[in-house]
Amino acid sequence: MKIIIDTPEKIAELAAERYVELLNRKPNAVLGYATGSTPLGLYAQLAKLNAAGKLTFKDATTFNLDEYAGLDGTHEQSYRYFMNKNLFEHIDIPMENTHVPSGTDTAHAGDYDKAIAAAGGVDLQLLGIGHDGHIGFNEPGTPFGSITHVVDLTPMTREANARFFTSIDEVPTQAVSMGMKTIMNARQIVFIALGKDKAEIIKKMIDGDVTTEVPASILQLHPNCEVFLDHDAASLL
Ligand code: PGA
């Protein structure tokens, strides 16, 4: 892991440069995207660079990490809706090239890995981290060999995400997520964590053992992973 500590604004710029480098070298790259508050600065930057003609997504393909079980793509809290509103509608990617796991047809979740492989595998995977160390929705205890699967969300994750719903009862109890192996198969990873509330888990992820109890700790073993942290998230290192 290469660790880069900077301001959130600079992190968005630096992370966006990775997309410029990749898409200029490989216009039909396969991009793994993430949801949550963390990537919003980067997504705004990608839209800005796209509008300025610095990069194009017209031949790219995307695969998102996860989706809530039970929500279809028109639901305002679905991750499909999030991606459309926060990125896809602001860049020149053909909508049919974008993929988010189905939240309603969860019986064949593992087929998502086959679709990723058929597209040539993920070139650049973007990741955030949950307070319990999850990446995607892979909660503590998820086997490192897992592929895309249905997961039970922990109370901590449901509480953290309740801010987007009118009450915690509305937060789905399950999700579909790329597995740990799916994520580790990506050729390059851009990981971002912002804010003091992530400092403790970042310390465990970087300085602790590689363990399924801290899913993100597996990134210590990835050959090409950059970890972008703001000063708050890095404050316990
Ligand atoms: P956040 O979520 O970006 O909203 O903090 C990250 C995550 O849960 O993976």
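The values are calculated or read from the model by the stated rules, or taken from the named source; none is laboratory data. Predicted, not measured: the structure shown is a model, and the values here were computed from it. Virtual Cβ from ideal backbone geometry, glycine too; neighbours counted across all protein chains shown. Side chains included, ligands, DNA and RNA excluded: accessible areas come from the protein's heavy atoms. Shrake-Rupley method; radii C 1.70, N 1.55, O 1.52, S 1.80 Å.
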Place a label point 7 angstrom from the Cα of His131 along the Cα-to-Cβ direction, then list the residues of the stretch 36-51 whose backbone nitrogen is under 20 Å away. 36-40
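Find, to one decimal place in angstroms, the Kirkwood hydrodynamic radius of the stretch 1-154, where the mean of 1/r is taken over every pair of different Cα atoms and then inverted.
Values: mean 1/r = 0.0615 Å⁻¹.
Taking every pair of different Cα atoms in the stretch 1-154, averaging 1/r and inverting gives 16.3 Å.
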In whole percent, the fraction of accessible protein surface over the chain that belongs to carbon or sulfur atoms, probe radius 1.4 Å, stands at 52
Taking a ≥ b ≥ c as the square roots of the eigenvalues of the Cα gyration tensor, with a/c under 1.5 meaning rounded and otherwise prolate when a/b exceeds b/c and oblate if not, the stretch 88-237 is rounded
Measuring from label point to label point, each 7 Å out along Cα→Cβ, what is the Asp197 to Lys2 span in nm? 3.1
Excluding ligands, DNA and RNA, what is the solvent-accessible area per residue of the chain at a probe of 1.4 Å, expressed in Å²? 43
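What order do Phe191, Phe144 take when sorted by accessible area (1.4 Å probe), most exposed first? The partial results should precede the final answer.
On the way: Phe191 0, Phe144 65 Å².
Correct descending sequence by accessible area is Phe144, Phe191.
Here are some pairs, Lys2/Lys204; Lys54/Lys198; Lys85/Lys114; Lys48/Lys203; Lys2/Lys198; which of them have Cα atoms lying more than 22 Å apart in this structure?
Lys54/Lys198; Lys85/Lys114; Lys48/Lys203
Would you kindly state how much longer the chain becomes between Ala51 and Phe165 on full extension, computed as 0.36 nm times their sequence separation minus their alpha carbon distance, in nm to one decimal? Intermediate results must be reported in sequence, preceding the final value.
Values: separation 114, 0.36 × 114 = 41.04 nm, distance 3.18 nm.
Result: 37.9 nm gained on full extension.
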Please identify the DSSP H helices in the chain that span no less than 15 Å along the helix axis (Cα) and have a mean Kyte-Doolittle hydropathy of 0.5 or more. 40-51
Between the stretch 191-237 and the stretch 117-164, the alpha-carbon center distance in angstrom: 14
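Per DSSP helix of 4 or more residues, -39500 (n - 2.57); summed, then divided by the residues of the chain. What does that give at 222 nm, rounded to the nearest 500?
Values: 7 runs with 67 residues, N = 237.
Dividing the helical sum by the residues of the chain leaves -8000 deg cm²/dmol.
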With the convex hull built on the alpha-carbon atoms of the stretch 76-161, volume per residue in Å³ sits at 132
Using label points projected 7 Å from each Cα along Cα→Cβ, tell me how many nm separate Asp92 and Glu17, to one decimal. 2.4
Multiply the residue separation of Val150 and Lys204 by 0.36 nm, subtract the distance between their alpha-carbon atoms, and state the gained length in nm to one decimal. 16.9 nm
DSSP beta bridges in the chain, what fraction antiparallel, as a percent rounded to 5? 30
